[in-house]
Amino acid sequence: MRKLLAVWAGKLLTAAGKLAGKKSSSSPGEYAMRLCPDLAKELQKCVKKGIIVTCGTNGKTTTNNLMCSALEAKGYKVLCNRLGANMLNGIVTALIQEMNIFGKLSVDYACLEIDEAYTPIVFDYIKPDVMIITNLFRDQLDRYGEIDITSDILKKAMAKVGNLKLILNGDDPLCVQFGREKGVIPYYFGISEKVLPQLDDTKEGRFCPVCGAEQTYNYYHYSQLGDYFCPSCGFKRPRVDFDVKNVKLKSPMEFTINGKPMKINYKGFYNIYNLIAVYGALDVIGEGTDDFAGLLTEYKPQIGRMQEFSFNKPVILSLSKNPAGFNQAIATVNTDDRKKDVIVAINDKANDGRDVSWLWDVDFDKIKNDKLNTLVTTGIRVWDISLRFKYEDIKVDMMTSSMREAVQACLKTDSEVCYVLVNYTALYPTEAVLNSLLKNGGEK
């Protein structure tokens, strides 16, 4: 009876939230668990073929949702927390929303994005069959602390699951270390050629996770990702099971996975990693990958993943939450040869992390080139990000607390494209502004 009451309460709260214009991605599950604390355990009973979880600092939502789309394209019924609510209450909300009024549900697979810090809690209720780890970067220091704390949390979670199959980024030494844990079966994915210019970048995990010595790189892609080895203990990039080569970055991007040609219309080199991770997970769970290239054409990126809005010029919305993410967003902007405006919005709400000192680890100097037309700053920490540009000797053309004002100003310039780079809590308000302006012809 407690279970049924929890499901009904969750469904009512979901309906009420949607009527109020909210996404209802986590609060229904929060209240439902007060009525039935073990409700999350029901998920395990509902899944017939397997549970795939995705963790990692960047790319979780894209990877998880692409995994779900790939399985659905194969005809399977899939439970997925698509909106990125990745703590236990968000997972329970997704479960409730798919259950019928009798609390019953049967699906083939569950694809779950999980916040790294919450994996030990979630794994008390749910035992995954496969775990994807996209990467590990420094993120929200006031919440997570340094990367080694996040690594220890993930190891603790893995120890709760027997025979866990790990799909790991072989180009990231911080991910590869998990393949050495007891009770896991590791598989690795990576990009096995030098693709990007070898510029100075923030190598956040440049020290060997085994012995602590500084690693040497034959080449690197960005941050600590690349072809590395430790001259002290011999730890090195493993032979990867899912191998990308022949990368061409011009849109549409082209590359091969284990020799199979792929072509995608997504922007951003980093998206290749998300795609290989899904390819690898499909192979490991025994689902065919021969049709993978076709699956890519059907997938629509989530909100803020280089999402394009059509005004008198394209406006492209990009979510970045940490130095590694912002550096890759800037690199993607710079691959666009059009004359461009750039808006940068920085908030410091709880979900962003209150500490914005990470702004000083972003290579904002690289945004300055002859294709940059107008630079606008906004958000709660508009003065902090503006000061950051001042120290790079980059002129900010406009500072405003209003995203609407920022976008409208850029729509009036003679640039060919506008990029809007935002951190987490600025994402949905910015999307709402852009949709509102589209509805009103960009005027109100």
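The values are calculated or read from the model by the stated rules, or taken from the named source; none is laboratory data. All values derive from a computational prediction rather than experimental measurement. As a convention, Cβ positions derive from the backbone with ideal geometry for all residues, glycine included, and neighbour counts pool all protein chains shown.
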request  = Out of the residues in the range 340-385 that are in a loop (DSSP other than H, G, I, E, B) and modelled with pLDDT of 95 or more, state the one that is surrounded by the fewest Cβ atoms within 10 Å (Cβ to Cβ).
outcome  = ILE380
note = Taking the range 1-32 and keeping residues crowded, with 20+ Cβ neighbours inside 10 Å and touching a residue at least 24 places away in the same chain (Cβ under 8 Å) leaves ALA6, VAL7, GLY10, THR14, SER24, SER25, SER26, PRO28, GLY29, ALA32
key: Enumeration of residues in the range 72-94 that are touching a residue at least 40 places away in the same chain (Cβ under 8 Å) and not in a helix (DSSP H, G or I)   = LYS74, ASN81, ARG82, LEU83, GLY84, ALA85, MET87
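Conditions tested, residue by residue: (1) among the basic types (Lys, Arg); (2) closer than 21 Å to LEU282 by Cα.
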{"residue": "LYS49", "(1), (2)": "yes, yes"}
{"residue": "ILE52", "(1), (2)": "no, yes"}
{"residue": "THR57", "(1), (2)": "no, no"}
{"residue": "ALA70", "(1), (2)": "no, yes"}
{"residue": "THR93", "(1), (2)": "no, no"}
{"residue": "MET99", "(1), (2)": "no, no"}
ask   = With respect to TYR31, is the statement that it is outside any strand (DSSP E or B) and either out of contact with any Ser or Thr (no Cβ under 9 Å at 6 or more places or on another chain) or aliphatic (A, V, I, L, M) (or both) true?
value = yes
remark   = Filter the range 95-115 for residues that are part of a loop (DSSP other than H, G, I, E, B), aliphatic (A, V, I, L, M) and over 21 Å from the mean Cα position of the chain (by Cα); the one that is modelled with the lowest pLDDT is ILE101
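The rows are residues; the columns are (1) aromatic (Phe, Trp, Tyr); (2) buried (at least 20 other Cβ atoms within 10 Å of the Cβ); (3) out of contact with any Phe, Trp or Tyr (no Cβ under 7 Å at 6 or more places or on another chain).
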{"residue": "THR63", "(1), (2), (3)": "no, yes, yes"}
{"residue": "ALA73", "(1), (2), (3)": "no, no, yes"}
{"residue": "ARG82", "(1), (2), (3)": "no, no, yes"}
{"residue": "MET87", "(1), (2), (3)": "no, no, no"}
{"residue": "ALA110", "(1), (2), (3)": "no, yes, yes"}
{"residue": "ASP129", "(1), (2), (3)": "no, no, yes"}
query = Can you name the number of the only condition in (1) in contact (Cβ under 8 Å) with a residue 24 or more places away in the chain; (2) part of a loop (DSSP other than H, G, I, E, B) that SER401 fails?
reply = (1)
Residue that is modelled with the lowest pLDDT, among those in the range 164-211 that are of a type in the set (Gly, Ala, Ser) and surrounded by fewer than 21 Cβ atoms within 10 Å (Cβ to Cβ) = GLY183
query = In the range 113-124, what residues are surrounded by 18 or more Cβ atoms within 10 Å (Cβ to Cβ) and within 15 Å of ASP38 (Cα to Cα)?
reply = VAL122, PHE123
